[in-house]
Every structure is written in structure tokens, then in C-alpha cells.
Amino acid sequence: MSNYFYNLLKIFMINKISNTGFNFDNSYIELPPEFYSPANLQPVKSPQLVILNNELSNSLGLNTDFLKSQEGIYIMSGNIKIPDGAYISQAYAGHQFGGFTMLGDGRALLIGEQITPSNQRFDIQLKGSGRTPYSRNGDGRAVLGPMLREYIISEAMHGLKIPTTRSLSVISTGENVYRETIQQGAILTRVASSHIRFGTFEYAAYMLDYEKLKKLSDYTIKRHFPFLENNENKYINLLDEVIKLQASLVAKWQSVGFIHGVLNTDNMSICGETIDYGPCAFMDVYNPDTVFSSIDTNGRYAYKNQIAIVNWNLYRLAETLLPLINSDENKAIEIAQNSLSKFINLATSNLSHEMCSKIGIFEPKTSDIDLLNELLNMMQKYKEDYTNTFIALTFNDLPQKGMFISEEFINWKKKWEETLTLQNKSKDEVFDLMKNSNPAVIPRNHRVEEALSAANNRDFSVMNNLLKALSNPFEHSEFQKEYAKLPSTPQCNYRTYCGT
Ligand code: AMP
Ligand code: MG
């Protein structure tokens, strides 16, 4: 049977299955056509389910059994269409490492906007689904290792209670993908509150016109910030809301030692979710200069620079909104500057709260922040592990070596304990705060690599156990202890790669 008739038959079959759970309402296609391109399906040879996120599937209202069926797998591999799907690739631009460029979904397509049983709206997108009009020289495909890496790290972020896009499934395609070596192809199904990026605004502002920029802004307000809709100054309010979300997000990244790796404006979501897991990683030893990405040779996106870079990116977003903020450009700049000037203080204050709660302090004062910085400086000096130092303090289970036996640490600990007693909080309250602020596990690089290398040989048990440990990092269970251990040889030169 020809592919065409085969697909028609499949669509007919899906129509017959009434309980797929898909409940699409595709609003993005109501934007002007320049914002997207219709995507052609590019069926793959032999799609197989590698992993399905049952919990996410349930919360989206999808029928998990259907997703596991041949038809479900065909939908998640882009072999067949779901009726009522959107099937578009989105256009966007962005500043990559400081330079402006036209981008777009070069290897992704939005299959639809799912309305969940609790009436929330989520984009369901295939990543690695083939070439699109935005593919430039790329093949539109993705590789098994990096897609599983995105699955693991995004789900770990969710467990850490950090806003993030999520991963519904990974399908192996049965096709080769040609990179430096021949790799197994895969497609990730990504779930996001939306895929509107700072770069979507840059595209509208610099490649389209005022009316289309206004349409995108109104759409974004309606979708993510409906409480602004009737405001007189809703466009500056939009910027203010994004500033708040990003100030909260970056502080959370810092507090768990997460380094995004490519904080280009196209990788910044307007709704404050972590998006585009490329060369990201978590640091083991505390060192603010940490960079993992192989292409970030100047450390632009190093751990210590993330707040400043998000600030820079917010300036790029604000520039796009100027014509909407005020018709007098100077006035618009003044208004936007006023909003932007609040970001660094807000992010820093959020960070102080996040970090001080890691040492049991509820309302940080300047002296508490000094105390925290003293600890961080010592951790850097003695090359202590970031996550495990806070766990040791939480459970008062201090290793008898390194920083912990130094005189400076012993003095610091005395000061810290005195500070805690001045807080008017019980020991239990302090312990609970620390337990809920310090994850027992993070996706350590050696564990992620170990899971991916087993998965490459089609052993998925290592990854499944890792995911189990990461699903609730604040549980502090026995099972998680194994995953808190450091690599036997320190991974000083761990390198990550993007676009793979
Ligand atoms: P990323 O580094 O994943 O944020 O991607 C940057 C840009 O490159 C985006 O426009 C992607 O869609 C595009 N891109 C990445 N990998 C591929 C690929 N294999 N084929 C086509 N486009 C790609
Ligand atoms: Mg990207």
C-alpha cells in the first residue's frame, strides 16, 4: 500500500479511537501567517518507544495506553497526523552569542495545543521531526543521546520545582543521523506552556511590522498574562511581568547550580520556563567560573554570568516592545529603562532568599548574605561539592575532611549556629526549610552519561532508575543516596555540546 493510502487509513483509525485524549485548540495559527510555516510530515523508518512519561501524559489528559500503541507511537514520531493538529513550525529570530540572526524551528513542529482536564493550555511539539523552511543547512533531525539528555534534565528540573518545558516521550527512529560519527535518530515530544521566545518578538519587531508585533504581543498577553488585557499600559506591564518571571527563574537556576549553557535570546521563553536543553549541566564542585559548553570559549554563559546575561536578554526584548510602549521613542526608552533597572536587584534579592534558605535562614539580612558568601568562598577554596555541602549542613553530617575540618569552617559554623538561634524559629522549622531547599540529588554529569551510554545500547534501566531518583529530590530517601555520590574521578573537563 502506498504511504499516502496507509496514512489515510491510519487517520481514519485514529478518528475511530475516540479516547486518544488529544483535545486540541490551536490558537497560534490565528496569528498572521508569517509567524509559522505549515510542516510536512517526514515519516521515519522504524519508530519505537524508548520512554513515555506516564505522569505527564495523565496530567495532560492523554490516554497513556493509546500513546503506547502503534498509532500513538506514529503520532509521536511524526509518521501520521492527529486530526485537529496544527502541524506548524514556528518562526523566530534571536541574538546568538551577541549577534542577531534569523532562526525558527529548524527541526521541530508543533502538533497542537492541548487543553488539559484542568483547562490549562500546553504546546505539544515534536523535536527532531525533519526539515522545515527554517532548517538552513541542518538535517532537521535529532540524536538519541541528546534527546534523552533533554528528557532527563527537564524532568529533573521539574522535580526541583523549577519552571521548565517537559518531556512526554522519546521515540527512536530506526534511522541513522550523521554527526561527527553515525548516531541513532530520535524524536522528543516536548510539552511547554508555549514556545513564544524572546526571539519571537525580535522576529516580529525586525522582520515584520508594527501591526504584527502588536498582534504577537496581544496574543502573548491573552495567553500568558490575561490579567493585563484591560490595562492602559499593558505592553510595559508585559515587560514587567517577564522581568519578574525571569528574575525568579535565574535565581532558582543559581540555587541548584544549573548552567543553561546557551542563553541566547531564542532560548528564553516569554513565560519564564527553562527551555532548550542543549549543553546545559549542573556543577559538582563549586566554582562560579564553571562553563560546560564546548562552544562557549569566552565563558559568556558561565554560572556566574547568568543573571547579567538574562538582564542583557531582557534589554533585547524591551527594544522590541518600544514602539508599543510609546509612540515617542525617547519616552518609550525612558519607560522601558525604568522597568529594566529593577531586574538586577530583583534577581539578586530572589537569589539571596533562595541561597539563604539553603542555610536555614528565613528572612536574609545583609549580615546573613555575608555569612553565606563566606561559606561559598570557602567551598570554592577547598573545591567542595556544591550540592553535597548543603546536604551535609542540612543533616549535620559533616565529612571529616577538606573544608569541614578547617579552622575557618569551624569558626563559620559557630557563627552560623548563633545566627540561626536569633531567628525565632524552632530547630524543626529550620530543618524543614533546609530539607526543602537542598536537593538530595541533581542529575550529575557522570550519572547522566552512564544512563545515556546504556541507552545507546538499548538498556534503559539505568536511565529509568536515575529518573526515579530525580523525580522528587526533596524526598531525601535511602534510594537517592547512591545518586548523591561523586564520580570516582573528578570530571574537571566535562564538556557538553549543542545542536546534536
Ligand atoms: P539550538 O541550538 O537547539 O537552540 O538551535 C538553534 C537553531 O538551530 C534553531 O533554529 C534550531 O531549530 C536549529 N537547528 C538545530 N539543530 C538543527 C538540525 N539538526 N537541523 C535543522 N535545524 C537545526
Ligand atoms: Mg534553541
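The values are calculated or read from the model by the stated rules, or taken from the named source; none is laboratory data. These numbers come from a predicted model, not from an experiment. Neighbour counts run over all protein chains shown; Cβ positions are idealised from the backbone, glycine included. For the accessible areas, the whole protein counts, side chains as well, though only heavy atoms, and no ligand, DNA or RNA atoms are used. Shrake-Rupley method; radii C 1.70, N 1.55, O 1.52, S 1.80 Å.
Assigning unit charges at the beta carbon (Lys, Arg +1; Asp, Glu -1) and nothing else, what dipole magnitude in debye, to the nearest 20, does the range 321-381 show about its Cα centre?
On the way: 5 positive and 8 negative charges, 30 e Å.
Dipole of the range 321-381, to the nearest 20 debye: 140 debye.
Taking the Cβ of residue 250 as the centre, find all other residues whose Cβ is under 13 Å away and add up their charges (Lys, Arg: +1; Asp, Glu: -1).
+1
List the DSSP H helices in the chain whose Cα atoms stretch 18 Å or more along the helix axis and whose mean Kyte-Doolittle hydropathy is at least 0.5. Show your work: numbers first, answer last.
Working: long enough: 3-16 (20 Å, 0.23); 144-159 (22 Å, 0.19); 210-224 (21 Å, -1.49); 234-256 (33 Å, 0.32); 306-325 (28 Å, 0.86); 343-358 (23 Å, 0.03); 366-381 (22 Å, -0.18); 407-421 (22 Å, -1.42).
Sorted by number, the helices that extend far enough and score high enough are 306-325.
Mind scanning 127/212; 381/435; 304/358 and naming the pairs with a C-alpha gap bigger than 21 Å?
Numbers: 127/212 26 Å; 381/435 25 Å; 304/358 18 Å.
Listed pairs above 21 Å: 127/212; 381/435.
Can you tell me the dipole magnitude for the chain around its Cα centre, using point charges on the Cβ only (Lys, Arg +1; Asp, Glu -1), in Debye to the nearest 20?
I would put it at about 900 debye.
Note down the net charge around residue 317, summing +1 for each Lys or Arg and -1 for each Asp or Glu among other residues with Cβ under 12 Å from its Cβ.
Once positives and negatives cancel, what remains is -3.
How much net charge surrounds residue 51 when only the other residues with a Cβ under 15 Å from the Cβ of residue 51 are counted, with Lys and Arg +1 and Asp and Glu -1?
Surrounding charge for residue 51 is +3.
Which Cα, out of 357, 446, 237, lies furthest along the positive dipole direction of the chain (beta carbon charges, K/R +1, D/E -1)?
446
Kindly list the residues of the range 167-206 that lie in the label zone of residue 45, defined by a backbone N under 20 Å from the point 7 Å along the Cα-to-C-beta vector.
170-188
To the nearest 20 debye, what is the magnitude of the charge dipole of the range 359-435 about its Cα centre, counting +1 on the Cβ of each Lys and Arg and -1 on the Cβ of each Asp and Glu?
It works out to roughly 140 debye.
Return the loop-located chymotrypsin sites (Phe, Trp or Tyr not before Pro) in the range 46-141 (DSSP other than H, G, I, E, B) with at most 14 other Cβ atoms within 10 Å of their own Cβ; answer none if there are none.
Listed in order of number, the matching sites are 97.
For the range 3-192, with equal point scatterers placed on the C-alpha atoms only and solvent neglected, what are the log10 I(q)/I(0) values from the Debye formula at q = 0.11 1/Å, to two decimals?
-0.47
Just from its helices, what would the mean residue ellipticity at 222 nm be for the chain, if runs of 4 or more DSSP H residues each count -39500 (n - 2.57) and the sum is divided by every residue, rounded to the nearest 500 deg cm²/dmol?
-14000 deg cm²/dmol
For a quick check of your reading of the filter: which trypsin sites (Lys or Arg not before Pro) in the range 374-435 sit in a DSSP loop and have no more than 14 other Cβ atoms within 10 Å?
383, 401
Extension gain residue 406-residue 366, at 0.36 nm per residue separation less the Cα-Cα distance, in nm?
11.9 nm
For the chain, with all protein chains present and a 1.4 Å probe, just round the carbon and sulfur fraction of the accessible area to a whole percent.
Its accessible area is 49 percent carbon and sulfur atoms.
For the chain, what does the accessible surface come to per residue with a 1.4 Å probe? Please give it in Å². Working shown, then result.
Numbers: 21420 Å² over 500 residues.
Result: 43 Å² of accessible area for each residue.
Tell me, what are the semi-axes, in whole angstrom and largest first, of the equivalent ellipsoid of the range 105-158 as set by the roots of 5 times the Cα gyration tensor eigenvalues?
They are 24, 17, 7 Å, listed from largest to smallest.
Express in whole angstrom the spacing between the alpha-carbon centres of the range 215-235 and the range 184-210.
18
Hey, what do the phi angles of the range 117-123 turn into as Karplus ³J(HN,Hα) couplings, whole Hz, using 6.51/-1.76/1.60 and θ = phi - 60°, x for Gly and Pro?
These are the phi-based 3J(HN,Hα) values: x, 8, 6, 9, 10, 10, 6 Hz.
For residue 229 paired with residue 58, estimate the spin-label separation in nm (one decimal), with each label point 7 Å from Cα along the Cα-to-Cβ line.
3.3
Relative to the compact-globule scaling 2.2 N^0.38 Å, provide the ratio for the alpha-carbon radius of gyration of the range 24-131.
Details: Rg = 15.0 Å, N = 108, 2.2 N^0.38 = 13.0 Å.
This ratio for the range 24-131 stands at 1.15.
In whole Å, how far is the Cα centre of the range 125-139 from that of the range 240-265?
27
For residue 93, enumerate residues with amide H under 5 Å from its amide H, sequence gap 5+ or separate chain, H modeled in the peptide plane.
Hits under the 5 Å cutoff: 103, 200, 202, 203.
How much length is gained on full extension from residue 453 to residue 102, taking 0.36 nm per residue of separation minus their Cα-Cα distance? Write down the numbers at each step before the final one.
Numbers: separation 351, 0.36 × 351 = 126.36 nm, distance 3.44 nm.
Net length gain for the segment: 122.9 nm.
Principal axes first, then extents: for the Cα atoms of the chain, list largest minus smallest coordinate on each axis, whole Å, largest first.
Projected onto its principal axes, the Cα set of the chain covers 76, 61, 42 Å.
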